[in-house]
1. Would you check if A:ASP88 is away from DNA strand C (no atom under 16 Å from the Cβ) and not hydrophobic (A, V, I, L, M, F, W, C)?
2. Can you find a residue in region A:120-138 that is within 12 Å of chain B (Cβ to nearest Cβ) and farther than 22 Å from A:LEU79 by Cα?
3. Any chance region B:141-159 includes a residue that's surrounded by 16 or more Cβ atoms within 10 Å (Cβ to Cβ), in contact (Cβ under 8 Å) with a residue 24 or more places away in the chain, assigned to a helix (DSSP H, G or I) and over 19 Å from the mean Cα position of the chain (by Cα)?
4. Take B:THR170 and tell me if it is assigned to a loop (DSSP other than H, G, I, E, B), within 13 Å of chain A (Cβ to nearest Cβ), in contact (Cβ under 8 Å) with a residue 40 or more places away in the chain and open to solvent by 10 Å² or more (accessible area, probe 1.4 Å).
5. Looking only at residues in region A:21-69 that are away from chain B (no Cβ under 14 Å), among the charged types (D, E, K, R) and more than 11 Å from A:MET110 (Cα to Cα), which one is nearest to DNA strand C (Cβ to nearest atom)?
6. When you go through B:LEU189, B:LEU111 one by one, which is the residue that is surrounded by 15 or more Cβ atoms within 10 Å (Cβ to Cβ), under 29 Å from A:ARG191 (Cα atoms), within 14 Å of another protein chain (Cβ to nearest Cβ) and touching a residue at least 12 places away in the same chain (Cβ under 8 Å)?
7. Please go through region B:46-61 and pick out each residue that is open to solvent by 30 Å² or more (accessible area, probe 1.4 Å) and more than 9 Å from DNA strand D (Cβ to nearest atom).
8. Looking for something crowded, with 19+ Cβ neighbours inside 10 Å, within 14 Å of chain B (Cβ to nearest Cβ) and more than 16 Å from DNA strand D (Cβ to nearest atom) - is there at least one such residue anywhere in region A:74-90?
There are 2 protein chains.
Amino acid sequence: MERKTEQPRRRPRADYLRNRERLLTAAAEVFRTHGGQATLEGVAKAAGVGIGTLYRHFPTREALFEAVYRREIDQMVALAERLEGEADPVAALRQWVHASIRLIATKQGMLTALALAVDKSSEIYSYSYKSLTGAIARLLTRAKEAGRMREDVTPEDLLLTLIGMCLVRTGPEFEDDVTRLADLFLDGLTRG
Amino acid sequence: MERKTEQPRRRPRADYLRNRERLLTAAAEVFRTHGGQATLEGVAKAAGVGIGTLYRHFPTREALFEAVYRREIDQMVALAERLEGEADPVAALRQWVHASIRLIATKQGMLTALALAVDKSSEIYSYSYKSLTGAIARLLTRAKEAGRMREDVTPEDLLLTLIGMCLVRTGPEFEDDVTRLADLFLDGLTRG
DNA sequence: GAGTTATATGGAGGGTGCCTCCGCTTTCAA
DNA sequence: TTGAAAGCGGAGGCACCCTCCATATAACTC
């Protein structure tokens, strides 16, 4: 028998780490400016590496999206957890929605990129969907327990509506417009 | 001076009309099954014409979308006009929303196709947007005049939200899911 | 129904992006 | 210093985009 766990023979090569970092930085920038139509060759060029290198680091377009945006998803989840401490559960939910819209606004192209390119069966999709649904669920439950929220609203309802509203708007008015729409929706779900 | 209006010297050629019809039929089918990623070469093939013929009839991808879907937009507008006669203005609005979702459901791929491929400055976009906004405006005004609707809701709010909700769902559950979301939204806007 | 002309056809071809593959280079560590 | 594992880049094959034009054909004229 060999050893149970093969520990890596070598530490990662310096060029590997350097190129990976360059690719992520370049990709975030290129997606932000070009949206979902950004070409991967453009990302590689911006990062100053060959296209082959990009594909070895991120074998699919989705893998690249995932690496670029997982951080943002995690931020949204973390914020929801922090807001569980808020006294007013409806205010907490609304704050979370507003903050999420603001976050997405700074990453113009993120959502379009995800919606256009990401297969619903992919890992990044289910990871994001599950994390966010879970985060919303806790905020929602508190509001319901306080009797301040329609009982039949699910976390999915809220997440999907929020995403949909973000998808139909673009440009400089994004944050204001989407916030307005989301508030209309939230007003209708809440009491008090 | 020549004659003011040049009347066409000849009537349209039979093959022109035939091919145009074939292209529209094929395009509707291909978009329905493949969504916005459908290739135009695929459409030409399905129609049994050369790619060059497709491009002469519809010089851009958007021109083809426009020709295929203008009818559907017009249907939604016509329905809104018919519903202006309804006694209950809130019920009328809800009926319109439900019917629109049902219509879109049968054209799976329509919305994705439009959202992915259509530039916001294009003719089909502004035509659709204006027609639909106008149609909704009249339904909305009646509901407001009856004191049954938030005063600060605009037709754009409703249209964008509806489109957004349609964008985030796909598959066999489409109609039920989207109707549910839209009802949540409408409930929150209306009184009585 | 033959000739004339306007109109329409199809597909080759040049351009671009996708992704794979593999010979060469760099880094690590012995 | 040197062997080999790990990583690199870009050529190349494929698919699709769209244009262009030599060829084909429908409509009109007499």
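The values are calculated or read from the model by the stated rules, or taken from the named source; none is laboratory data. If you're wondering where the values come from, they're calculated on a predicted model, not measured in any experiment. Note that we place each Cβ from the backbone using ideal geometry, even for glycine, and neighbour counts take in every protein chain shown. Heads up: the accessible areas ignore ligands, DNA and RNA and are worked out on the full protein's heavy atoms, side chains in. Shrake-Rupley method; radii C 1.70, N 1.55, O 1.52, S 1.80 Å.
1. Yes, satisfied.
2. yes
3. The answer is yes; a qualifying residue exists.
4. yes
5. So the residue we want is A:GLU41.
6. The unique qualifying residue is B:LEU189.
7. B:ALA46, B:GLY48
8. Yes, region A:74-90 has at least one match.
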